[in-house]
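> Below is one structure. I have some questions about it.
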Amino acid sequence: MQRKAIIIGATGLVGQHLVKQLSELYDTLIVIARRPPRYINASMKFYQVNDFDNLAEIFVNVGADRTADAFSCLGTTKKQAGSDEAFRKVDHDYNVNFAKLCHDKGVENFFLLSAMNADIESQFLYNRVKAETEQSIMALGFKQLSIFRPSLLLGKHKGRPLESISQKVFQLISPLVSESLPLHPISAKRVASAMAMSAHDVYERHKYREYRSESKHNTVDIIENKQMLMMTRVKGK
């Protein structure tokens, strides 16, 4: 069976790394974004969407079905979005709408980039919205839902000065900080690797399953920052 993946958020900090890694795992990689990803190869199909409010129109032709795995790395900040409402629209509404469209097409496996400290009771909007997004997608009932909750992401954050400052501070003290600490920052590339590794693991577990068999068991895996660091640790480091 030909392996197929579909992704939104492909041009973000994690997404741009994930695109490259998924292109090595899947026969076809469907990218839906406002602009083409930096890395492109012959296995990719790019669909440009100028407004994610119109995602359903694009989705008619992308070929999402039971043979596809879906990935979302879509996200923003309140500063980038411009308001609480605009931030929620991107981080919750667009992600949930994408997940619904995938689920309606028969997609069984969904991989969501969330954030550490996602908490529905949090006093911080960012953490609350992340938790609301997780819960809304859980309610759809994917056979396999994997949620990734990284700490501070290391990489070039366009338009995120506070995170850039935090990264510079961490670079100075990193030799003294153990990766066993839950709040240890993690590179975007390692988060992407954890997502790709998890997708491959799901595939390996189910590739011998009878395709037409129906299972009533749904699985939700929450992969915390510490686990991602362990999964992607370089031997001898």
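The values are calculated or read from the model by the stated rules, or taken from the named source; none is laboratory data. Since the model is a prediction, treat every value here as computed from it, not as a measurement. Backbone-built Cβ (ideal geometry, glycine too); neighbour counts: all protein chains shown.
> Can you name the residue in the stretch 59-78 that is more than 24 Å from residue 21 (Cα to Cα) and in contact (Cβ under 8 Å) with a residue 24 or more places away in the chain and, of all such residues, is nearest to the chain's Cα centre (by Cα)?
Only one residue tops the list, namely 77.
> Then there's this: If you scan the stretch 187-224, which residues turn out to be closer than 16 Å to residue 67 by Cα, among the hydroxyl-bearing types (Ser, Thr, Tyr) and at pLDDT 80 or above?
203
> Would you please name the residue that is surrounded by the fewest Cβ atoms within 10 Å (Cβ to Cβ), looking only at residues in the stretch 79-105 that are out of contact with any Leu (no Cβ under 7 Å at 6 or more places or on another chain) and touching a residue at least 60 places away in the same chain (Cβ under 8 Å)?
It comes out as 79.
> Could you name every one of the strands (runs of 3 or more DSSP E) located completely within the stretch 1-99 that has at least 1 residues being over 16 Å from residue 112 (Cβ atoms) and either out of contact with any Ser or Thr (no Cβ under 7 Å at 6 or more places or on another chain) or of a type in the set (Lys, Arg) (or both)?
Values: elements: 4-8, 28-33, 44-48, 68-72.
Ranges flagged: 4-8, 28-33, 44-48.
> May I pose another question? Can you tell me how many residues within the stretch 116-134 are hydrophobic (A, V, I, L, M, F, W, C) and touching a Leu at 6+ places or on another chain (Cβ under 9 Å)? Reasoning before the result, please.
Keep residues of the stretch 116-134 that are hydrophobic (A, V, I, L, M, F, W, C), which gives 116, 118, 120, 124-125, 129, 131.
Filter once more, so that each one left must be touching a Leu at 6+ places or on another chain (Cβ under 9 Å): 116.
The qualifying residues number 1.
> Which condition from (1) of a type outside the set (A, V, I, L, M, F, W, C); (2) at pLDDT below 90; (3) closer than 26 Å to residue 47 by Cα is the one that residue 184 breaks?
Of (1) of a type outside the set (A, V, I, L, M, F, W, C); (2) at pLDDT below 90; (3) closer than 26 Å to residue 47 by Cα, only one is false for residue 184: (3).
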